[in-house]
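Working notes for the structure below.
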Amino acid sequence: MSDTPILELVGVTRRVQGRDLVSDVSLHLRAGEMLGVIGPNGSGKSTLLNMMAGLLPPTRGQVRLAGQPMVRLRRQQIAQQLAMVSQAAETGERISVRDAVELGRTPWLGPLWPWSARDDEAVQAALQAVGMEQMAARDWSTLSGGERQRVHIARAHAQAPRILLLDEPTNHLDIHHQIGILDLVSQLSVTTVIALHDMHHALRCDRVMVMQSGRCVALGAPLDVLTPALIREIFAVDAQLIAHPAGRLPLFAFQRLA
Amino acid sequence: MRRGAAVRGTGWLWLAPVVLAAALLFGSAVGETPIPLSTVVAVLASKAGLPAGVLDPVDASVIWHYRLSRAVVAACVGASLALSGLILQALLRNALAEPYLLGISAGASTGAVAVAVAGFGAGMVSMSAGAFAGALVAFGLVTILARAAQGTGVQTTGIIILAGIAGSQMFNAMTALIIAQSASAEQARGIMFWLLGNLSGVRWPDIRMALPMTLLGLGVALWHVRTLDAFTFGADSAAALGIDVRRAQAMLIGTTALVTAVMVSIAGAIGFVGLVVPHAMRFLVGVRHARLVPATALAGAVFLVLSDVVSRIVIPGQVLPIGVITALVGAPAFAVVMIRGRQR
C-alpha cells in the first residue's frame, strides 16, 4: 500500500456571505477506518461532508481523493470512489426499493455501457447487506423512516465505493433503528465518515472529529477526545463517563450546566 | 434474474410503430368528409409507387396534402411537448412542470410573433429562432423569479408554477401588445388563432422542421435516461451519483426550450400535453425513464393526433383550435395531479 491517504483535506474553508461555515480543517482519512464527525447543530458537519463528497467546492484549501485534487476529477470518477447518504433525501415518485438501489449503479453506467449481470449482482448484494432483499418490490412511499435510510445505504453500497459518507443517518429514527443503522454501517467493509449527534454512537467509531463553529477542535480516538472537559466546552453540558455494567462501551451521564 | 434494468419492461416497444401508424391512418381518414381507411391506404400505396387502382383525385389530394401532413405534424408536436414535460418534471422535481405552465410556450410565442410581425425574413426558420430566444428568456426569468421568491412561505413546488403563470401572463400581454401595435387586422386574426394552438395551416414543408426536431428531442432524452433517473432524489443526489448536474441541466433544458420553440412556431402554444401524457405513462409503465421516455413520446404523438381529430369533428362544420381540446383534457388532469400531490 502506498502512503497516499484515501481522502485528504488540506486547510479546507467554506465561506458563505462573509461567514466561515467550515474554517481551516485538515484531515487524513485512513483506509478502512470509521471516522465520526460530531458537533452541535450548525457546527459545519454537513458542509464538511459535502466538501468531502466534492458537492461543494471549498473557498480555500483543497480536497484530494486518492492523491488527486477533487476539483480536477469528473463527477463520475468521484462517484465511482465515493458514495454519500445525505439527510432525508426524499422523493414523491412511485419507485420500488430495487429501483432506488439500482440508482447506485449510475456512475458505472453510460448510454454506451448498458446494464449488465454485474450490476444485478451489485444490487442484489446491496439489498442483502441491509437485509431488504425480501422487500425489493416494495413501494418507496410504504417504507418507514428506518427502512428508507436502509435503502439509501443500500444504494450507496451498490455504488461500490471505497469511501462512504453518511450525514446524520440516525436522525429522526427510533432507538431500535438507530442502533440497527450503526450496526449495519460498522459491518460494511468500506472507509466511512459519519456525521453524528449522539456521543454514545461516536464511541463506536475508530476516530472522532469534534467540530465547533466550523473548526475542528479535536481529532483522535473517541475516549481520548470525548473528555468531560471538552464536552462541557463544546456542548455546554456536564458529562460523566460511567463504566458499562457488562463491560461494553462506557456510558455518558449528562447534566445541563446551571 | 438476468434481465437488465435497461431492457426490463420494454418488450412492448415493437408495438410503437404499429400504434403510431394506426393513429396516423385514423387521423387521415376522419374529418368533415370521412374517407374509408382502404382509400387512405390506397393513396399512400400509390404515393409509394405501388399499384393502387383508380383513385378519386380529390380524396387523394385531401389525404396527402391536408390530412396526412397535418397528422404527422400533430404527432411530432405531441411527442415533443410530452417529452419536454417529462424532462422538466424530472429535472425540477415538480409534478406540475411542463412547457406551457412554466411560461416557456408563452415566451416562444412572443419571440415568434415578434419575428413574424417585424418581418426579419419571416420564414419558419427565423420564426423558430425568435421562438427559441423567447423560450430561453422566459425560462430564465421564471427561474430567477422562483429563486427570488423562495422562502416567502409558498411551498417550494408551488413557487415555480406561480412564477410560470406570472411569466405566461406577461409574455401573453407582450404578444398582444406587439400584435396590436404592428400587425394588420388580417395578420392579427391569423396570429390570434395560431396562438391558441392550431394545425390548420400545416403542410408538408413544416414536417421538415418538425420531424428532425422531434427526433433530436427523443434522441437527447434517450441518451439521458439514466441521468433523468438519477434526479429521483433531487439534484444533490444526482451529483452524488456522478451526474454533472449543470451540464445535464443545460443540455436537457436547452433541448426542451429548442424543441418547444420549434413546435410553438409551427402549431402555436398547445397546453397540457406535457402534463397529461407523462403522468398517464408513469401510471402505465412506471417511473424509470428507460421505459418512460419512449412511452411518453409515443403516447404524446397519439394523443395529439387524436386531439386534432376531435377538434375537427366535435362541432360540425367548424374546426376548434387544438389547444382547446388539450386544455379540456389537461386542466382537470392538472387538478388531479395537484390533489394527489397534496396527499403525499
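The values are calculated or read from the model by the stated rules, or taken from the named source; none is laboratory data. Being a predicted model, the structure only gives us computed values, none of them experimental. Please note: Cβ atoms are built from the backbone with ideal geometry, for glycine as well, and neighbour counts cover all protein chains shown.
Among the residues of the stretch B:287-294, is there at least one that is of a type outside the set (Gly, Ala, Ser), touching a Ser or Thr at 6+ places or on another chain (Cβ under 6 Å) and either closer than 14 Å to B:PHE272 by Cβ or away from chain A (no Cβ under 14 Å) (or both)? No, because not a single residue in the stretch B:287-294 is of a type outside the set (Gly, Ala, Ser), touching a Ser or Thr at 6+ places or on another chain (Cβ under 6 Å) and either closer than 14 Å to B:PHE272 by Cβ or away from chain A (no Cβ under 14 Å) (or both). In the stretch B:202-212, is there at least one residue being facing chain A (nearest Cβ under 10 Å) and crowded, with 24+ Cβ neighbours inside 10 Å? No, the stretch B:202-212 contains no residue that is facing chain A (nearest Cβ under 10 Å) and crowded, with 24+ Cβ neighbours inside 10 Å. Taking the criterion of being facing chain B (nearest Cβ under 10 Å), touching a residue at least 40 places away in the same chain (Cβ under 8 Å) and either under 16 Å from A:GLU147 (Cβ atoms) or in contact with a Phe, Trp or Tyr (Cβ under 8 Å, 6 or more places away or on another chain) (or both), the residues of the stretch A:103-133 that qualify are A:LEU103, A:ARG105.
Give the stretch A:182-238 a look and list any residue that's assigned to a helix (DSSP H, G or I), within 29 Å of A:ARG19 (Cα to Cα) and of a type in the set (Asp, Glu), or say none. The one that is assigned to a helix (DSSP H, G or I), within 29 Å of A:ARG19 (Cα to Cα) and of a type in the set (Asp, Glu): A:GLU233. For B:ARG282, are the conditions met, namely being in a helix (DSSP H, G or I), free of Cβ contacts under 8 Å to residues at least 24 places away in the same chain and within 12 Å of chain A (Cβ to nearest Cβ)? Yes; evaluated as a whole, the condition is true for this residue. If you go through the stretch A:83-102 and keep only what is within 19 Å of the chain's Cα centre (by Cα), at the interface with chain B (Cβ under 8 Å from one of its Cβ atoms) and of a type in the set (A, V, I, L, M), you end up with A:ALA83, A:MET84, A:ALA89, A:ALA100. The residues on offer are A:ASP174, A:ASP198, and the sole one that is of a type in the set (D, E, K, R), within 30 Å of A:ARG15 (Cβ to Cβ) and modelled with pLDDT under 90 is A:ASP198. Looking only at the stretch A:118-146, residues that are buried (at least 19 other Cβ atoms within 10 Å of the Cβ) and among the acidic types (Asp, Glu) come to 1 in all. Where helices (runs of 4 or more DSSP H) sit wholly within the stretch B:161-251, those with at least 2 residues that are touching a residue at least 24 places away in the same chain (Cβ under 8 Å) and closer than 16 Å to B:ALA108 by Cα occupy B:185-195, B:204-223.
Conditions (1) buried (at least 22 other Cβ atoms within 10 Å of the Cβ); (2) more than 14 Å from chain B (Cβ to nearest Cβ); (3) modelled with pLDDT of 90 or more; (4) more than 12 Å from the chain's Cα centre (by Cα), marked per residue:
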| site | (1), (2), (3), (4) |
| --- | --- |
| A:ALA160 | no, no, yes, yes |
| A:LEU165 | yes, no, yes, no |
| A:GLN187 | no, yes, no, yes |
| A:ARG215 | no, yes, yes, yes |
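For the stretch A:47-71, the set of residues classified as of a type outside the set (A, V, I, L, M), surrounded by fewer than 19 Cβ atoms within 10 Å (Cβ to Cβ) and within 14 Å of chain B (Cβ to nearest Cβ) consists of A:PRO57 only.
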